[in-house]
Each structure stands twice: as structure tokens, then as C-alpha cells.
Amino acid sequence: MTQAEQTEDFPIQSDGPSPLWILLLHWKVICGITLVAMILAALVSGFVPKVFRASSTLMVASPRYTQNLKLPPPSIDMTTVKTLSNSYTTYQIVISRLRTQAGIINSLHDKIQSEDPWAAIAATSATEAANLLGWPLDESFREAWADLPPAYLLPAYLGFDEDFFAELDPIQLGKYLNSQIKTSKETNMTTEYQPLITLTADSSSQQAAALLVFIWSKTIQGIIQTDFIGPVFKDQVKRLSQIQNTDEALEDVHKQIRDLLVLSEIDLKEKEKEAITSTLYSGSSPLFSLRETLTRDTLKNSAIIRNLRAMLNDLELNGEWIGNLNNLDEVLQDPEKKHVADGALLEANKSALLELEAVASRLTQITGFEERSSSISWNPPYSPDQIQSLVKKIGSLRQANSEIEPELLQSSNLPAGDIKTITQARDFLASLNEVTYYLQGVIGRQETFIKTTNARKALLTAEKELYTARKENNIEQISTDLKVLTQDHQVAMQSLGNLLGQPGVNENSPETLALKEKIRGIEIRMSEIEDKLATIRLLLERLEENRKHAFNFLELQRTFYESIISKLTEISQEHIRNQKELSLVNESKETLERLSNQMNAHIQNVLVRQNSLKLKQNTLQKIYDNSLEDFGGVEALSIDYSNVLRVHLFNPPEPPKNKVAPSRSVIVLIAGLLIFLLTSAGFILHERLRMLRGTGVV
């Protein structure tokens, strides 16, 4: 077609050809170039890596049951969760978990023969998997298996090559991961966060993206459980164990008291005593009954008063209760206190008491309580050598405990040779019972004194440890360092924003990369300081709790000390009244007194042991009540404290269906449109220039 023909078909305007005319004139070339460009764009888009994004939501709800906890879990807000999720340490754990699980899954996939190996792996227990692989079932294997992803995500492990985990580092991993806290209200002044954080992971594989975000979510969940819940849960388990142990000890004391009353037959002995009194006096005598009661009470109160006064003397130094003294070395070096504080002597006394009680028990069973003449022959239960050996041991006890109880083991009825008659055996038994009674008093004093000094030592040690920890770990200085780093981080981030706003500066500029490296260093340092600060606070809280426990235990000893003072006053007054009344009835016959006293000695021995057990019972009951109160009361016993801080994976990740980047069809359409516009603009410009040259303007 000639230029004239074209001009006739498409008239030329006075100011030049119209753009529409130019496009129609060259439409074949324009369409051809556009088509070629779209084909090339389709080919090039096939080499563009695919990027898929998977997400999950982690819920960190407010702690429950804290009203029942004496040591509630530390508070955790969503900003802390976000910082924790993006920390360098968390990324390290994610990488380690991925490596471990990848090794397990790849090895199991080769060994399990099944139509659906992934479902078979998911249904396998940790023990079965370890046995199948021949690997040790250690703690790292258990942790990796416990956080194993669902069966539909397991095939993603086969998509990773061997070099992927070797080259992966926490900083590189952080580029694929992102977290966002959901907010319910956000203004210029305040921001209200929901207990939900959305975690996303980008990857070239759909399943790999879902796997990354799953392992990341499980890692954050595990860290929160371990660092925020674990110490509190362990403390509650420890306290619960203490309560259970105390309850068992309390039940054991109850059983000892019941067994003591049954074995001693104290009711039967009381009836036998009344029968003897009736036989001697041809009927019950009110005077004898009153005298017997007053004598028993007087002897008992006298011994109790002596023991209580001695015990108070043990627990005091220069008029001060030793539970208030800071210098315990002065107490333990005091001549009057050294023997009382001798733990080896206490164990020796307990061993000797068991031996003496065994001898006294056998003599009590053999001699009986029926009336026998001293001339009646009988078979002694012990040989003269055995008696002498026992007397020597009693002498050794007297020597060892002379500084604690001067009157201990000074009975004049201890035989010089052998016990040949029942009367001698009964006299020896009475002296032996007196020895055991004194020895029980010494043991009680020693145990009370040692418990009190140990309680004071524990409190002083706990206070010293707390003071040292506070001195060595300057929380204020660490917090100041953290604030300085935070300010440096903000300044660096602002500098980065300003730098990127300058012309000619982009993400890959040397100064930009250097500033980013500095920011990453600051963030790593901030994370380390935050972890250290949290650890120090947990340490101080634990030491403070230890100090409180030591203080409470010392308070129990103080209560016992004050009860001794109160009891001493009451018994002293009762003792004075009994002595006055006893002087009015002190004309009873010696035979009746001897028989009565023998019976009373046995009853007194049982009562002392019963009182000792009851005292132990009351002490254990106080410990149990205090421990239960510290634990949170009866209601706290039935609570599962492992779920105090609720951390749940709100929606498990699913493999994403769509890519993050534009699809191939969109890329082709955009490329075609751009080439069409550029080609059309080129032809229009060319025609304009050609027309201007023809007119001589150009």
C-alpha cells in the first residue's frame, strides 16, 4: 500500500497523524513484539522461586489459680512473648530441633515399611522409635519426639537437602520468620494487646513453610513452659512432697501412741494398782488414793520442772534466746552448751536408750506383779557378767552426760554383783527405769537444742545467701545497661531509616549492611541481658523463699520455747499446791508406798513416753498446718499446677494453598501490558519525528 493510499484510508490531520492511526498502521508489529514479550515473561517466571507463607496463632492466656499460690508464676505480657519468639536463643533451639527431627524422620522413613509411612511414624511411640533406630532414648530424643509435627507435615523433612541445616544459622532463619501481636485497641497513647500472637514462616515449599511455623510455635510454647512455669511447678511439687512426708510421719506417731497404750496395758496396770490398795486396806482408802495421785503428780511435775528449766537454760545464753543470736559460734563454744550440741553424743544416747528399754521390758515381763517373797528362788534372766556389762555402760553414759545432767544415772540401787531374787530384780528394774527416764530427758533437751541451733543456722545462711546474691547481681545496673542498649537500638533503627531515605542508598549498600550488623549485635546483647535479668530475679525469689522457710521453722522453735516458759509457770504453781496437799497425807505405810511407787514407775514411764510422742505429734501437726498454708490450703492440693499459665497453639498450621509472590499469569499479563505500551509509545514517537524531519523543522 502506497503512502497516498494510506493517507486516503487514514486521513492525516493538519498537525500530523493521530496516535490511533499510527497504532493501526503498525498493529502487526506491536502485537508481535507484545506476544514475544509475553512468551519470554512466561518462560522467565518459571525460574522465579516460589514463596509460600504459613501461619499459626499462639495463645498465652492469663495465669490461673494464682490466688491459691504462695509463689505465683512471674507475669508475662505479649511484648515479652514477641521478644522471646524473635530471640537468637529461640532460633538456635528451632534449628537444633529441626536437625534432630530431620535425622529421626529420615531414618524412620527408610526403616518403616508401610503404605502410609507418615501415619505409621506419627502412631509410633518414642520408645518404639528409639528401639527401631537403635538410638539411645535420652532426654534430647524424648524432647524432639514430643514436639513431632502432625503426619501431614512430616513429608516436608524429605524436601530438605543435607546442606540446608549445615548452612542455616539463627540470623538467616530470622529472615524467614515473623511474628505479630494481635491488638484490640491501638491509639497514640496506649496499645491494648490480645493474648494472641500470629507466627508466620516463608518457604519455597508449602509443607516446609507449615513445618517451620509449627516447630517455631512449639519451641516458644516449650520455652514459656520451662522458664515461666517450670520453676513454680517444681516448687509446688516439692512442697506437696513435704506435706505428704509430714502427713505420713504424723500418722506414724499416731500409730506409736496407739501401740504404746496397747502394749503398756496402762488401763490394766491401773486396775491392778487399785486391787493391791483394796487388798492391803480391806477396801479403797480415799487417803491413799489422794496420796497416790499427789505423789505421782508431784514426782511427775518435779521431773518436768527440772527438765523444763534445764531445757530453758540450754536455749538461753546471757539471758537471750539463742534463736535471736547472730554469733552461733559463741553459743556452741560455751562450756554448758558443747555437750548438748554434740550430735554424736545424741546418737549414742539414743542407742543406749533402746538397749536399756529392751532390758527393762524383759525384766518387767519376767518379774510380774504378783506378790512374791524375797526367799523364793528363781532363774535370773541375765548372768552376772551381763549385769556388770550393763552397769559399766550406764557408768559410761553417766560420764559422757555428766555436763548435761549431773543427776543422770546416780541411782544407788544398781547392783554390785548379780540379781538373785525377784525383789532385787524389781529394785534393779526401778533403778533402770529411772535411768531411762533421765536419759529420755537428756535426749529431748539435745534434740530441741540442736533443732533450734540448726534452724537459726539455716536462717542466717539463707539471709547471707540472699544478701550475697543481691550484692553480686546488681539488678539496677543491669536494668540501666538494658535501657542504654534499648536507646542505642532505637537510635540505630532511626539512623537506618534516615540512611535508607537518602538518594543512592539501598538495602545492599555497605553503610546499610554495616548498620544492620550493628543493630543485630545490639539485639543479641539485649536478649542476653534480658535472659540474665530474668534468671537473677528468679534466683532472688527462690533465695527469699528459702529464707522464709528457714524463718518459719525457727518460729516453730520459738513457739516451743515460749510454750516451755508458759508450761513451767503452770506446772510450778501446780507443784506447789500438790506439795502442800501431799504434806497432809504423807503418813501412809511404807509397804503400800513401795508397791504403789513400783506401779507408778511403770505408769509414769508410759506417760512420759506418751507425752513425748504427743509433743512430737503436736510439732508435726504444726509443721503440716504451716506447710499446707504455705502451699495454698486444702483447695490447692487438687489443682494441676502444670496448667497454671495457659499456652496453647490456637490453630495448628496448614500448608498454604497460594504463593506470596504474584502468579505466573499475572506476571505474563503485566509484562505484556508494559511491552505493548512501550512499543506503542515508540512507534508514535518515531512517526512524529519522521514528520518533523519531512517539514524541515528537525
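The values are calculated or read from the model by the stated rules, or taken from the named source; none is laboratory data. Everything numeric here is computed off the predicted structure, so don't read it as measured data. Cβ atoms come from the backbone with ideal geometry, glycine included; neighbour counts cover every protein chain shown. In case anyone asks, the SASA skips ligands and DNA or RNA and just uses the protein heavy atoms, side chains included. Shrake-Rupley method; radii C 1.70, N 1.55, O 1.52, S 1.80 Å.
Computed on protein heavy atoms with a 1.4 Å probe, the accessible areas place SER527, SER402 in the order SER402, SER527, largest first. Taking a point 7 Å from the Cα of SER107 along the Cα-to-Cβ direction, the residues of the stretch 120-141 with backbone N closer than 18 Å to it are 121-141.
Could you please report the charge total around ILE304, scoring K, R as +1 and D, E as -1 over all other residues with beta-carbon less than 13 angstrom from its beta-carbon? Every neighbour counted, the sum reads +3. Net charge in the neighbourhood of ARG558 (other residues with Cβ under 13 Å of its Cβ; Lys, Arg +1, Asp, Glu -1) is -1.
The gain in end-to-end length when the ASN178 to SER509 segment is fully stretched comes to 116.8 nm, 0.36 nm per residue minus the alpha carbon separation.
For LYS471, which lysines qualify as cross-link partners when the Cα separation must be under 22 Å and same-chain residues fewer than eight apart are set aside? Those lysines meeting the cut-off are LYS457, LYS483, LYS532, LYS548. For the stretch 532-583, with every protein chain kept in place, what is the accessible area per residue (1.4 Å probe, Å²)? Ligands and nucleic acids excluded, the figure is 60 Å² per residue.
Ranking request for peptides 134-140, 206-212, 432-438, 558-564: highest mean number of other beta-carbon atoms within 10 Å first, then the rest in descending order. Spell out each step's value before the answer.
Working: 134-140: 10.1, 206-212: 24.7, 432-438: 21.3, 558-564: 15.1.
The packing order, highest mean first, is 206-212, 432-438, 558-564, 134-140.
Overall shape of the stretch 82-169 was characterised from the C-alpha gyration tensor. The equivalent ellipsoid obtained from it has semi-axes of 24, 15, 12 Å, in decreasing order.
Find how much the distance from ASP481 to LEU40 grows on full extension, using 0.36 nm per residue of separation minus their present alpha carbon separation; answer in nm with one decimal. Please report the intermediate quantities before stating the final value.
On the way: separation 441, 0.36 × 441 = 158.76 nm, distance 5.67 nm.
Taking 0.36 nm per residue and subtracting the Cα distance, the gain is 153.1 nm.
Heavy-atom accessible area for LYS269, with the other protein chains in place and a 1.4 Å probe, reaches approximately 20 Å². Backbone N atoms of the stretch 450-475 closer than 19 Å to the 7 Å Cα→Cβ label point of GLU544 belong to residues 459-475.
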